[in-house]
Amino acid sequence: MRFWIDFWAAPDPLFFRPIVRRLQARGHTAWVTSRKFGETTAIADQCGFSCVALGRHGGETITGKAVAILKGAYQRVAMVRNEDIDLAVSFNSYSQGLAAKLLGIPFVTCMDYEYQPANHLAFRLAQKVVVPRDFDRRALQQQGGLPGKVAFFDGLKEHIAMADFRPDPAFPRVLEKLGIGHDDILITMRPPATGAAYHRFENSFFDDAVAFLARRPGVRVLLLPRSKSQADRFKKLQLGNLIAPSAVLDGLNLIYWSDLVVSGGGSMNREAVVLGTRAYTVFKGRMAGVDQAMIANGELGIINSRAELERLSLLKQSRPPFRPVGQRAINQVVAAILAAVS
């Protein structure tokens, strides 16, 4: 069979890389497209995907987002109508879902955040909805994820993204080129997804956390901005211990070799939890079910105030021997995808 994979955001290439490998091992092929948004296409290239870039982000307004989704759907219809596709698969690519509907191609969507408003669109367009077992069931049903069309997997989407991951022992040399020494306490930070449909509010506390941590002795803060405007804003702080790399780094190795991760989003914190790196969230929106479960289990910390930030222990992390991620989650997702066209 021939699968059409569409990347909508930066974590998607990492999520689909091991899935595509397993589909190819079964004799199937994958044709890949991508939205031009943030680091999405750069990470796709890093993951070895040769993909067609279609459409752009619609900006911060609801109208702009809607127009961009419709334009992206039109571009995908024009591109895909001459391709022999058996199934469309993405992590909530709304343009792909609309295009698949117009072309009569079965559509599978994966998702891990209950409070993304556009779930209502993607879930209703999909023949199969694939979510973590900790996904809020009430929200799932309200958004169109009815029992007959939902498949669950155990764990996090990051268990799938890291199904084949092995740390690169040479990666510290990459850090050295950025000015991060062996004895430095490396804190990797990711700003909130300001402007996303689920994040229509400011989070000034993240900026305060960056400024506070970058001034601590022995600390180097490596900041991964989501946009040029975010990068420019933090450069104005003129913090000597703040590094914002110009090139896209190997994110999984960066997290593995970090001593601490602090993020205003979700994916990077979860990657840290899976890899055994200490992680704290400063997200100010409604927590995903998977994040609530990790906080309750003590796997993910949460910082809500300057006092909590000041009590944070800043130490070099001692790394136990690396333990590969289990295959249960990815096997469940691959089975759900194949079941949609069986």
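Taken one residue at a time, the phi angles of region 230-235 give Karplus couplings (6.51, -1.76, 1.60, θ = phi - 60°) of 5, 4, 5, 5, 6, 4 Hz. Gly and Pro are set to x. By the count of neighbouring beta-carbon atoms within 10 Å, fewest first, Trp31, Trp257 end up ordered Trp31, Trp257. Here the relative contact order of region 171-310, from alpha carbon pairs under 8 Å that lie six or more residues apart, stands at 24 percent. Of the peptides 263-271, 303-311, the ranking by mean beta-carbon count within 10 Å, highest at the top, reads 263-271, 303-311. Using just its DSSP H runs of length 4 or more, each adding -39500 (n - 2.57), the chain gives a mean residue ellipticity at 222 nm of -11000 deg cm²/dmol after division by all residues. Peptides 85-91, 213-219 ranked from most to least packed, by the mean per-residue count of other Cβ atoms within 10 Å: 85-91, 213-219. Inter-label distance, Ile85 to Ala307: 5.3 nm, where each label sits 7 Å from its Cα along the C-beta direction. In summary, the chain shows an alpha-carbon radius of gyration equal to 0.98 times the 2.2 N^0.38 Å reference for compact globular proteins.
A cut-off of 5 Å between modelled amide H atoms, ignoring neighbours fewer than 5 places along the same chain, links Val150 with Val129. Per the Debye calculation on region 171-310 with a single equal scatterer at every Cα and no solvent contribution, log₁₀ I(q)/I(0) for q = 0.10, 0.12, 0.21 Å⁻¹ amounts to -0.30, -0.44, -1.46.
For region 6-109, trypsin sites (Lys or Arg not before Pro) meeting the loop criterion (DSSP other than H, G, I, E, B) and having at most 15 other Cβ atoms within 10 Å: Arg26, Arg81.
Here the extension length gained between Ala170 and Lys228 equals 18.0 nm, from 0.36 nm per residue of separation less the Cα-Cα distance.
Scaled to the globular estimate 2.2 N^0.38 Å, the Cα spread of region 8-58, given as radius of gyration, is 1.13. Extension gain, Leu314 to Ala66: 0.36 nm times the residue separation minus the Cα-Cα distance gives 85.0 nm.
Between Lys236 and Asp183, the contour length at 0.36 nm per residue exceeds the Cα-Cα span by 16.4 nm.
Here, each number is a calculation from the coordinates, and none is a lab measurement. From a predicted model like this one, the values you see are computed outputs, not experimental measurements. No Cβ is skipped: glycine too gets one built from the backbone with ideal geometry, and neighbour counts run over all protein chains shown.
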